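All remarks here apply to the structure that follows.
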Ligand SMILES: *Cc1c(COP(=O)(O)O)cnc(C)c1O
């Protein structure tokens with residue numbers, strides 16, 4: 001999107017204007033909730049004509065209403081070069097539909113070892129049962145992925161930065177190796193969103209978001225999306241319709257509402273998270289901070305080269321201590337909630353144990369790991385809270 005001056009529009013502007021079509025919602029700014037199952041036609045002829053209509057016209061509730069189309073359209077617009085977006089009732093549902101649109105029995109999937117745990121479960125459960133095998137790969141493999149691509153390899157699913165440990169992959173090198181062999185590339189782009197990593201522009205075929213996180217942004221809706229590169233949308237849409245996928249209009253309405261502030265929220269998440277990450281690095285109780293924007297993060301150079309910024313989720317490891325000392329740190333936090341998910345306006349702290357979910361890579365961490373989602377509270381208040389937490393950790397670790 002460029003203005004008449006030729007100047008590319010800023011992300012903050014694009015998230016405000018994307019997908020807002022007057023023909024769908026009149027002049028209403030955020031398209032209202034259009035709930036529907038049955039759509040009535042004037043005649044049998046009109047009913048017959050609509051069956052094969054793949055354009056945005058009301059047909060039957062499962063094919064959506066302007067409430068869903070507006071959000072899907074906005075997400076497509078935010079991925080320069082994309083053909084279309086399909087929405088799902090959760091991020092995991094989006095991953096399942098994307099994978100099933102590409103893979104058939106006998107095929108092999110290459111999956112990054114640092115994938116989100118439920119993605120790993122899907123590969124080892126549902127996909128395996130369908131006769132689809134999975135090979136896990138080291139997130140730092142880069143162009144070396146070519147050696148893993150065999151006759152049966154049909155797809156590569158990346159997630160960058162990696163879940164819990166935040167390794168950044170050399171996505172252009174992996175995409176190049178995949179393209180050379182006709183292998184479809186998928187990326188779980190939830191951490192960066194298209195604003196910080198435009199996946200389709202980087203050659204990804206199917207870009208998956210757990211919209212539950214930053215798109216919704218308020219910890220009150222489950223939602224997922226898959227945005228497809230040119231030529232990839234047809235089979236994604238067909239598979240999704242065959243699976244009966246439809247995201248609820250109420251949830252999509254909240255998704256659209258959240259999206260409009262995503263750019264400005266991300267900027268604040270980024271700034272506060274970086275301040276806290278750098279502060280944690282200075283604390284004697286902390287052994288390591290795992291954040292893509294820090295130079296010692298594996299793949300940091302790829303982060304600098306490919307990403308437009310960081311979001312608000314990262315981890316740190318404690319210098320020694322045990323499970324009880326980690327719990328002492330987390331349990332007493334005032335501003336950080338203890339809970340799954342992230343991307344909302346509020347901060348969260350989670351005990352994480354990445355080695356439970358790795359099969360081809362190893363880590364030797366000095367102590368237990370904590371994952372932080374940095375919310376929109378004032379950063380000084382969050383640091384004070386964490387500082388008290390580290391003091392509790394110190395006491396618990398020395399009196400065991
Ligand atoms: C949360 C998450 C998902 C799944 O999204 P849900 O909406 O919770 O199903 C997928 N990938 C990543 C990286 C996530 O953090």
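Checked against the criterion of being in a loop (DSSP other than H, G, I, E, B), over 16 Å from the mean Cα position of the chain (by Cα), surrounded by 20 or more Cβ atoms within 10 Å (Cβ to Cβ) and in contact (Cβ under 8 Å) with a residue 40 or more places away in the chain, region 118-134 has no qualifying residue. Looking at region 83-114, which of its residues are out of contact with any helix residue (DSSP H, G or I) (no Cβ under 8 Å at 6 or more places or on another chain) and within 16 Å of the ligand (Cβ to nearest atom)? Across region 83-114, the qualifying residues are 90, 91, 93, 94, 112, 113. Taking the conditions (1) over 28 Å from the mean Cα position of the chain (by Cα); (2) outside any helix (DSSP H, G or I); (3) loosely packed, with under 14 Cβ neighbours inside 10 Å in turn, residue 339 satisfies each one other than (1). Only one entry in 329, 294, 318, 376 is modelled with pLDDT of 95 or more and closer than 30 Å to residue 257 by Cα, namely 376. The condition of being in a strand (DSSP E or B), within 12 Å of the chain's Cα centre (by Cα) and modelled with pLDDT of 95 or more holds for only one of 195, 187, that being 187. Counting only residues that are part of a loop (DSSP other than H, G, I, E, B), in contact with a helix residue (DSSP H, G or I) (Cβ under 9 Å, 6 or more places away or on another chain) and within 30 Å of residue 201 (Cα to Cα), region 4-52 holds 8 of them.
The number of residues in region 198-213 that are near the ligand (Cβ under 10 Å from one of its atoms), in a loop (DSSP other than H, G, I, E, B) and touching a helix residue (DSSP H, G or I) at 6+ places or on another chain (Cβ under 6 Å) comes to 2.
Contact map, region 220-238: first residue under 18 Å from residue 91 (Cβ atoms), second residue in a strand (DSSP E or B) and away from the ligand (no atom under 16 Å from the Cβ), Cβ cut-off under 7 Å, separation 6 or more or different chains; pairs are 228/84; 236/228. The condition of being more than 16 Å from the ligand (Cβ to nearest atom) and at pLDDT 95 or above does not hold for residue 122. Before we move on, is residue 247 more than 15 Å from the ligand (Cβ to nearest atom) and either crowded, with 17+ Cβ neighbours inside 10 Å or on the phi < 0 side of the Ramachandran plot (or both)? Answer is no for this residue. Tally the residues that are more than 16 Å from the ligand (Cβ to nearest atom) and either without any contact (Cβ under 8 Å) to a residue 24 or more places away in the chain or within 20 Å of residue 214 (Cβ to Cβ) (or both), restricting the search to region 145-194. Qualifying residue count for the region: 3. Considering only residues that are surrounded by fewer than 24 Cβ atoms within 10 Å (Cβ to Cβ) and near the ligand (Cβ under 7 Å from one of its atoms), which ones fall in region 214-226? Across region 214-226, the qualifying residue is only 222.
Set side by side, the residues 254, 266, 241 differ, and just one is in a helix (DSSP H, G or I) and without any contact (Cβ under 8 Å) to a residue 40 or more places away in the chain, which is 254.
Selection within region 306-324: residues that are outside any strand (DSSP E or B) and touching a strand residue (DSSP E or B) at 6+ places or on another chain (Cβ under 7 Å). The member of this set that is surrounded by the fewest Cβ atoms within 10 Å (Cβ to Cβ) is 319.
Taking first residues from region 76-101 that are assigned to a loop (DSSP other than H, G, I, E, B) and partners that are modelled with pLDDT of 95 or more and within 12 Å of the ligand (Cβ to nearest atom), the Cβ contacts under 6 Å between residues at least 6 apart in sequence or on separate chains come to 89/247; 90/222; 90/224.
Within the set 53, 73, the sole residue that is under 20 Å from residue 213 (Cα atoms) and more than 16 Å from the ligand (Cβ to nearest atom) turns out to be 73.
The values are calculated or read from the model by the stated rules, or taken from the named source; none is laboratory data. In this text, all values refer to a predicted model and were calculated from it rather than measured experimentally. Backbone-built Cβ (ideal geometry, glycine too); neighbour counts: all protein chains shown.
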